[in-house]
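Each value in this text was obtained by applying a stated rule to the coordinates, not by laboratory testing. Just so we're clear, the structure is a prediction, and the values are computed from it rather than from any experiment. Note that we place each Cβ from the backbone using ideal geometry, even for glycine, and neighbour counts take in every protein chain shown.
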Amino acid sequence: MKRNTCIFIPQETGENMDPTFDLIQLERRDVCLLTILGLIIFHYSNNLALAFTSQLHANVLPLRRSRSLSDHTLLSLSPKEDSNEKPVENGVVPKKPPMIMPINRPRSRSLGERRTNKYYGTINPSVTPLPEKRNNKRRREANRDKNRKRKRIEVERSRYSSGEESIGIVSLQDIERKAKIKRSIPDVNLSRQILSIFQSKSWKQDLEEVTKDLIQYKIRNFQQETISMSDLIIPKDQTSIIRLLGAKGCYKAMMAMLHHFLPKTDEIDSQFLYTAALTAFAQSKTPKKRENAIRILDEMDENGVRPNGYTLTAAFLSIDGGRKAMALWDRVKSYERRGDITLDVHLYNSCIHACSRYENRDTEVNGWKSAITLFRQMPRDGIEPNEQTYASLIHACANGGQMRVALSLLDEMKRNKNLTQTLPKVWGAALRACATKGDGSKAMSLMRDMVERGIEINTLHLNNVLAALSKQGRDAEARDLLLHMQNGTVILSLSDDFKNITDSYSNDDSTAMTSPDLISVNTVLTAFANNNNYDGAKDLFQRLRDGDFLSNPLDPMSKLFPDIISYNLLLSTCNNSKEAVDIVDEIRMTRRNRRNVVRATCVTYTNAISACKKSDPPDLKTALKLLSEAEKKDACNPNIFMYSAAIWVAESCNNAKTALFLLKTMRKNGCHPNAICYDGVISSLAEQGKLEAACSLFQLMKKEGIAPTVTTFQRLSLAAQNSHCSPETAIRSLESVLDVLNDFELRASISGPIYNSLIRLYGAINDFEKALYTYENVDHANAAILSSILFVCSSVKPVRWQDAIIILHTSDIVENAMGRGKIEYSALSYAIIACSKQNEWKEGLNLLNIYGTAKDNGKQVASVDAMNSLIAAAGRSGRPDMAVKLLNDCHIYSIVPNMRSYRSAIVACNQAQHEIRRQQRRKERSSGSSRMQEESQYTKVEESSDPLSLHWWEASLSLLRRMREEGLVPDAQTYSSVIAALTNIQ
């Protein structure tokens with residue numbers, strides 16, 4: 001039998017607009033079709049569906065039961081804008097504007113749902129609803145208390161209209177009224193209602209106010225006794241309130257509530273309360289808040305509350321570093337000796353994991369050693385390690401940079417047959433160790449092992465492999481692995497057994513788990529940045545910008561787009577100022593997109609300005625333009641990094657004036673310069689030889705309390721070298737620099753370049769005593785300072801060759817030196833030159849034989865200039881044979897002779913030939929004389945009876961031919977010496 005049924009059609013819809021309806025007569029067999037239509041509207045608008053369903057049960061059903069509507073009759077439930085509309089008959093009151101009032105949710109088959117769930121809708125009070133006919137027994141049972149609660153509903157309705165609490169949310173005053181009729185304290189229902197008050201508050205300030213009211217609120221119970229409101233809360237809900245306050249960050253309110261609950265609880269409940277508070281502090285992101293966890297543990301000891309395993313596990317969660325973890329472990333052992341707790345694998349795992357976290361990486365470097373110590377103690381306590389133990393251990397070794405130890409632990413886990421060895425977390429920690437060390441080959445080997453064992457591989461594992469390849473500089477392999485991740489062929493690329501691998505990883509889930517994310521693409525961009533491969537980074541970025549990478553290959557809408565990190569990495573590799581400006585403009589253009597809006601940061605502008613420095617030639621104009629546009633167009637206030645980058649661009653352009661202007665501007669804008677900014681300005685002054693200005697800026701740097709770096713002293717030394725002032729003025733300037741240094745900065749490892757320049761300047765004015773005094777007062781002189789004093793020994797007049805030998809023999813062992821006895825080759829070279837200048841070639845040759853043998857390492861141990869000075873000294877001393885021998889023995893000392901080496905040997909041969917000719921003429925003039933002539937080495941060689949022996953003129957010709965065969969071009973003096981030797985032939 002067909003019935004006349006009504007349906008509501010919305011007139012207007014909008015997100016911030018109340019829907020209005022028309023009641024239109026339709027013929028349907030069942031009202032269930034209306035519910036289906038309501039579900040369809042639900043997908044369109046939640047508010048619309050809610051109002052539709054409320055109107056349906058409030059108006060349509062009563063009208064169905066009372067009367068049927070004639071065909072084509074329209075009943076208006078909302079005011080219409082048409083003024084010509086006639087009012088609907090049958091008891092319709094004059095039209096009024098819509099009002100908000102509570103309406104029951106549509107009936108449900110669940111009795112509890114009917115009682116508890118209340119909703120609000122928009123109705124039109126213009127129509128007076130007809131009374132509902134109560135002929136349903138189940139419905140009468142559900143609404144049996146409706147008349148009794150009518151008054152309470154009116155009160156709640158007034159609260160709603162005045163902006164107070166909504167229906168269903170009680171207050172502390174309501175709980176006070178209910179507590180007067182309760183005979184038992186605490187009460188479960190009242191406790192749950194108090195807990196619901198805390199759960200309904202989302203703001204920290206509201207939670208603190210409720211906590212304060214709950215602590216101070218006093219009520220009277222059934223026996224008319226004054227008790228605290230908190231006495232109504234059961235212990236379980238007390239713990240929930242502490243946990244909720246800690247999760248919301250209300251630590252003061254949490255501690256106040258904790259100390260309010262504790263006096264009225266037993267030891268077990270106190271243990272749970274303390275554990276909840278301690279866990280809240282341990283999970284805080286602020287280190288100072290996490291320190292309160294140990295204070296709570298101390299308070300538990302003072303109050304005699306024994307901790308349990310959960311308490312100590314949470315305490316370890318608040319600890320960072322091996323030193324603090326081991327101190328807490330000693331405390332745990334004391335609890336175990338008292339019988340308060342029992343050691344288990346979870347306590348060991350939490351302590352080992354605490355060792356893997358570093359509060360300060362400069363001081364906490366041995367946390368992995370503490371973790372290994374705990375791991376070796378586990379068998380003594382009868383505890384077997386599990387997979388989580390090995391994961392925490394390997395993670396600690398990865399943070400400490402101990403890749404070999406981590407891999408040895410992984411091998412040990414493989415040999416343990418009691419473990420499954422398939423936990424992805426363990427293998428992920430091992431891959432992270434490889435990524436920290438930068439060993440891509442070992443990371444790839446581990447990935448192949450995982451594939452062969454059938455271990456589940458995810459994107460996090462592959463990101464660690466990409467990071468290892470990135471650190472090693474293997475950008476091409478990192479890019480290929482990324483493409484395999486995108487194509488879903490990672491598993492196949494890591495194994496040769498195609499059939500078994502396809503059987504193990506045949507589902508689509510494995511492909512989705514190995515698909516790249518934005519971190520994967522940014523890691524490969526980092527690999528290109530480490531190799532300064534701008535073309536490769538640009539191509540990969542273009543593919544990312546075009547949406548070629550999907551985070552889920554099964555979802556074409558999961559495209560990856562570049563974020564600000566991607567843009568910053570691209571800018572870090574850019575070496576063209578124009579392209580850097582284009583990239584910054586592209587970042588600004590992303591604001592027009594609905595999705596993937598990227599905002600430039602200070603790092604973006606710093607990298608863009610640095611690209612101007614790498615441009616050929618450096619573009620200072622563009623760098624200054626970017627610096628000014630940062631605040632105007634992107635609201636990025638220039639920071640110290642942006643100014644320092646601009647200063648170094650000015651230094652590359654040799655523009656000291658602009659560098660000084662930028663330093664003054666940043667100080668004016670409230671940005672305090674650091675050592676890098678001062679180094680850039682000092683370097684620009686040093687390139688122009690402005691030593692006094694550079695030293696004055698250094699004095700200002702020290703007054704501001706900025707610690708200078710090694711680069712600072714290197715640039716000051718360069719300023720002294722390029723300075724056009726007199727040596728005395730330069731010495732005064734450098735001495736003023738040394739006067740303001742502290743004990744740490746006076747060490748040679750920091751201010752060594754200043755000592756080098758000062759010693760050489762003393763040598764330039766021929767003041768060896770002051771140079772030697774400066775050298776002797778240096779703390780831990782290094783190789784450069786030793787070379788400087790030996791250079792002075794060879795350059796002053798007279799030459800201090802004896803002092804050079806003594807200084808060389810008595811100097812400390814120099815680190816990173818190549819020669820025997822750890823003597824740096826330049827120091828040995830200057831000592832040999834000092835001996836050769838005084839024709840003490842035997843002493844120089846002795847030094848070369850002591851410190852200069854290079855048969856073991858094959859590295860050059862002395863300069864070619866030192867060897868040339870030895871050859872020349874031997875020739876001047878009348879030993880051309882030693883000069884030629886030294887030339888032939890250059891390969892022993894890994895020295896490659898140059899044109900001057902051959903010229904010195906040829907000159908020695910020419911002098912020997914001249915000496916022989918002079919002796920023969922002297923003999924002819926003094927023939928018959930009884931005076932004995934002094935024989936020389938030249939005469940012995942010339943008068944040799946060996947037919948294979950060479951004359952000195954023949955030796956000079958041979959050296960000239962050999963010189964030309966080795967590709968050396970003889971100069972005019974070399975040819976002149978050979979010709980002179982030939983003219984003295986008998």
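For this structure, a couple of remarks:
- For the residue pairs LYS538/LYS559; LYS614/LYS703; LYS288/LYS703, the C-alpha atoms sit more than 22 angstrom apart in LYS614/LYS703; LYS288/LYS703.
- Highest average packing first - 728-740, 477-489, 422-434, Cβ atoms within 10 Å: 422-434, 477-489, 728-740
- Pairwise label distance in nanometres, THR342 with LYS538, each label 7 Å out on the Cα-Cβ vector: 6.8 nm
- The 3J(HN,Hα) values that the Karplus relation (6.51, -1.76, 1.60; θ = phi - 60°) gives for segment 965-972 are, in residue order, 5, 7, x, 8, 9, x, 9, 5 Hz. Gly and Pro appear as x.
- Projected label distance in nm at ASN531 and GLU776, using a 7 Å step from Cα toward the beta-carbon: 5.6 nm
- Gyration tensor (alpha-carbon) shape descriptor, segment 220-267, a/c threshold 1.5: prolate
- Rounded FRET efficiency, nearest 0.05, which uses the C-beta distance separating LYS236 from LYS212 and R0 of 30 Å: 0.85
- For segment 509-647, a crude dipole built from +1 on the beta carbon of Lys and Arg and -1 on the beta carbon of Asp and Glu, taken about the Cα centre, is about 520 debye to the nearest 20.
- Placing a pseudo-label 7 Å from each Cα along the Cα-to-Cβ vector at ALA707 and LYS632 gives an inter-label distance of 4.0 nm.
- FRET efficiency for GLN205 and ASN742, using Cβ-Cβ distance with R0 set to 35 Å, rounded to 0.05: 0.10
- For SER696 and ASP381, the difference between the fully extended length at 0.36 nm per residue and the C-alpha to C-alpha distance is 106.8 nm.
- Cα gyration tensor shape for segment 505-601, rounded if a/c is under 1.5, else prolate or oblate: oblate
- Packing around the peptides 879-889, 330-340, taken as the average count of other Cβ atoms within 10 Å per residue, puts them in this order, highest first: 879-889, 330-340.
- Segments 960-969, 621-630 sorted - mean Cβ within 10 Å per residue, highest first: 621-630, 960-969
- FRET efficiency for LYS417 and THR729, using Cβ-Cβ distance with R0 set to 60 Å, rounded to 0.05: 0.15
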